[in-house]
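Written out below as structure tokens is the structure these notes cover.
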Amino acid sequence: MTFSEIFGQIVIRRRLPSHEKKLVENHKSSTRVVFLSAIIVVPFFLKVTGSSIELGDPVVATGVGQTLPISVFAVALFLGTSTATILLKNRIRWRRSPLNIPILLFVFLNLFALLVGLSHEARVENLLFCLQTIAPFLSFFIALNAVESIAAVQGIFVACIWIIGGFVLFLAALTTIVIGFGAPTEVYEYLVTLPVYQLFDYIPLVVAAVYGLGLALLLGGAPTKRKWILFGFVMVMLFSIFMLRSRGALVTMVVITLIQFVLFARSHGSTKRIAIFSVASGSMIILLLLGPETLTLENVRYFLEEKGDDQSLIERQFNMSLAVETISRNPLIGQAYVTGGENALNQRTIANPHNQYLTYAVRGGIISMLVYVWILVLFLKRIFLLLVKASTALMRTFGIALFSVFLGVSLVSNMLQDNFTQPYSGFLLCFLMGAGEFLCNQRAGGTKQVPTSTQKGSQAA
């Protein structure tokens, strides 16, 4: 038995009624897809452990020897491992999807911009930054064409929750020991210098997205094993956002939670679960407010005291203004992956506006940005139709999970970060997008899902 099959048995409920077994074409296929979902968090751990090469994206050093952009090793590891897994162990079937054309168009536009840029400045960094831009979208095609069953989608959700939840549980335990039990000041000051306490760069967004998956499974009453562990992971991910120094991820998490409360409130059974979760999460937040000030709360307080004029916001506004200037000079192809001026350290730079929409416009032009918006809007529309017209409670739960996560990212996180051009969050979001598109194809193809006994109970409630 392979590792992927063992891992799949842990996170996928195998005991299905005979009539539902027809929906699972191949259990081995499902476990392989779950294994792929585990691969997508490899860049996350590369970030955490510092194993990735990070030389200050978007800084590109000058001098002899070319330098690598942020986490190119994470990109290469994901591409190589996931592609090999698919080719060697799974049968590829190119599935039709309305998202195929805009994504391929997006890739083409950025490759065209790269070719133009190479004609002006032939440096390897141009190629690597373009790879970083388009590589995450390979995750979409991997998930869309590799997923073979509804069970596999549930397995992907649970695998992400277990892996990310397990890590933040360790982080929460360590934080509780250090702060909760009154560690000496010098010990605390030493621990906060460790990389595990510096995770305010894209990692909180990963936690917020996976939190959304777990919360939907809880509120929707999905038939998963060990729900108390799932509940614990969701709570510890909520707790961790207050420790990871990211106001953007906190706001994103709030938006995700509110969307799910509204969409699940129509079910009596979900209303009871919403009440239970509200009491538990509310109690945790009150304790956090009464306890020692965390990094996130410190940032929020400083933001309110400065009336929004804190250094982080000022820097982001300045970077966005530079991005707008860059786009106005060449709106068709943007900066074309050509390094711009030099900073105070005599390093050549590529504009980094800290806004996903402007980032795509800077790197590949306004049309590239508009195509990306087209992809997001089309996906959100299809997922919303999925949750509205879902034939089973489980499908509706999946739809609500993906709709809330991607709407929260689109309206909040994308305004403050470049989520889709970072391997830590980009691979995960594109992979989930591919899994969601598989679900949309199931509904559009007229596949009738026979609800399990648990789902029937949820619908009756």
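Bear in mind that the values in this text are calculations on the coordinates, not laboratory data. Note that this is a predicted model, so its numbers are computed, not measured.
Table for the structure above
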| read-out | value |
| --- | --- |
| Amide hydrogen neighbours beyond the local backbone of Gly334, cut-off 5 Å, H modeled | Gly365, Ile366 |
| Shape of the range 229-280, Cα gyration tensor, a/c cut at 1.5 | oblate |
